[in-house]
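Presented below is the structure to which this report refers.
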Ligand SMILES: Cc1cc2nc3c(=O)[nH]c(=O)nc-3n(C[C@H](O)[C@H](O)[C@H](O)COP(=O)(O)O)c2cc1C
C-alpha cells in the first residue's frame with residue numbers, strides 16, 4: 001500500500017492514462033479489473049457518449065475507475081454535470097486551470113487529480129486543492145508542456161515543491177521505468193502509449209501497428225504555437241514542417257491542422273493525413289497485449305528490477 005493505492009483504493013499504483021480515441025470503457029474496465037486504475041478519455045466523447053461509457057464501465061467492473069477531462073472541452077459544463085449525475089468517484093483534469101473546476105468536484109465528493117508539466121503548475125494545482133497531481137514529462141505522447149522538461153528531471157523537482165502524491169507520466173512502459181519513477185519521488189505512474197497498443201484500446205489496428213513499428217527518434221513535439229503535441233513523423237507531420245519554413249502565423253497552423261485530425265489518425269487509421277499521437281517510449285513497445293498482461297508484466301518487471309538494484313548496491 002502507498003499513498004496512491006490508498007487514495008484510489010486500487011491494488012497497484014498504475015494508472016492507465018485517459019486518451020482520446022483510445023480509452024473507452026473496454027480499456028478502462030480491463031485495467032481496473034487487473035488492479036490498476038482505468039480512466040475513460042472524455043476528450044473525444046460527446047457528453048451523451050461519455051454517459052454511455054460511464055454506465056458500461058460500471059457494469060464491466062466493480063473496481064474504481066475514473067474519467068480524464070481535458071478542460072479545453074467545449075461542452076465542459078455538460079460533462080461536469082454528467083460526472084456528478086453518474087456519481088463518478090475520480091476525475092483527472094488536464095489542459096486548463098485547476099482553479100476552475102476543482103472546488104465544484106470536491107464539493108461533490110469526487111477525488112480530483114490534475115495533470116501538469118512543470119513545478120509551477122504543480123504548486124498551483126496543490127493550491128487549488130487537488131488530491132494528487134500527474135507530472136508529465138516531455139517524452140509523453142499526446143499534448144504536452146512547452147518547456148520540454150523530461151520526466152527524469154521533472155519528478156524530483158516537483159517532489160521538492162509539493163506535499164500531495166505525485167503520479168509520474170511520460171516514457172513509462174515497463175516495470176523498470178516504473179521503478180525509476182518511484183525512486184525519483186513518484187507515488188504512482190500514469191501509462192499512456194503502452195496501453196494505446198493494447199487489445200482493449202479502441203484505436204484503429206493501423207494505429208496500433210504503427211506504434212509497434214515506431215523506433216527511437218521517430219516522434220517529435222510540434223505545433224507549440226497552438227497546443228504542443230508529440231506526433232509520429234508521418235506525411236501530416238512533414239506538411240507541418242514544410243509550413244514552418246514559411247514562418248506561418250497561428251492561423252496558418254490552425255488551418256493546416258483543421259478539425260478531427262486525431263480521430264482520423266488514431267480512430268480511423270489514416271496513417272498519412274491523421275495526427276498520430278504517441279510517446280517516445282513507442283520504441284520500447286513491440287507487441288499488442290491485453291491490459292491484464294501489461295499490468296502483470298509491469299509488476300513482475302518492477303519486482304525483478306527492485307531485486308537487481310538491491311544486488312548491485314555497494
Ligand atoms: C493517443 C494519446 C491520446 C492522449 N489523449 C489524452 C487526453 O485526452 N487527455 C490527457 O490528459 N492526456 C492525453 N494523452 C496523454 C496521456 O494521458 C499520458 O499522460 C501520456 O501518454 C503519458 O506518456 P506515455 O505516452 O509516454 O506513457 C494522450 C496520449 C496519447 C498517446
Quick note on 53, 114, 286, ordering by fewest other C-beta atoms within 10 Å, gives 286, 53, 114
Going by how many other Cβ atoms sit within 10 Å of their own, how do 313, 7 line up, fewest first?
-> 313, 7
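Can you classify the chain as rounded, prolate or oblate using the Cα gyration tensor, where a ≥ b ≥ c are the square roots of its eigenvalues, rounded means a/c under 1.5, and otherwise it's prolate if a/b beats b/c and oblate if not?
rounded
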Calculate, in nm to one decimal, what residue 127 and residue 286 gain on full extension: separation in residues at 0.36 nm each, minus their alpha carbon distance.
-> 53.2 nm
Rounded to the nearest Å, what's the spacing between the alpha carbon centres of the stretch 279-295 and the stretch 217-236? Just the number, please.
-> 21
Among 106, 245, 59, which one shows the biggest mean-square fluctuation in a GNM of the chain, springs joining Cα atoms closer than 10 Å?
-> 245
Full extension between residue 48 and residue 260 adds, at 0.36 nm per residue less the Cα distance, a length in nm of 74.5 nm
The residues 39, 72, 105, sorted from fewest to most surrounding Cβ atoms within 10 Å, come out as 72, 105, 39
Value at 222 nm in deg cm²/dmol, rounded to 500, when DSSP H runs of n ≥ 4 in the chain each add -39,500 (n - 2.57) | -12500 deg cm²/dmol
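For residue 249 and residue 59 in one chain, what is 0.36 nm times their gap in residues minus the Cα-Cα distance, to one decimal in nm?
That pair, residue 249 and residue 59, stretches by 63.6 nm at full extension.
No value in this document is a laboratory result; all are computed from the given coordinates. It should be emphasised that the depicted structure is a prediction, and the values quoted were computed from it without experimental measurement. All Cβ positions, even for glycine, are placed from backbone atoms using ideal geometry, and neighbour counts span all protein chains on display.
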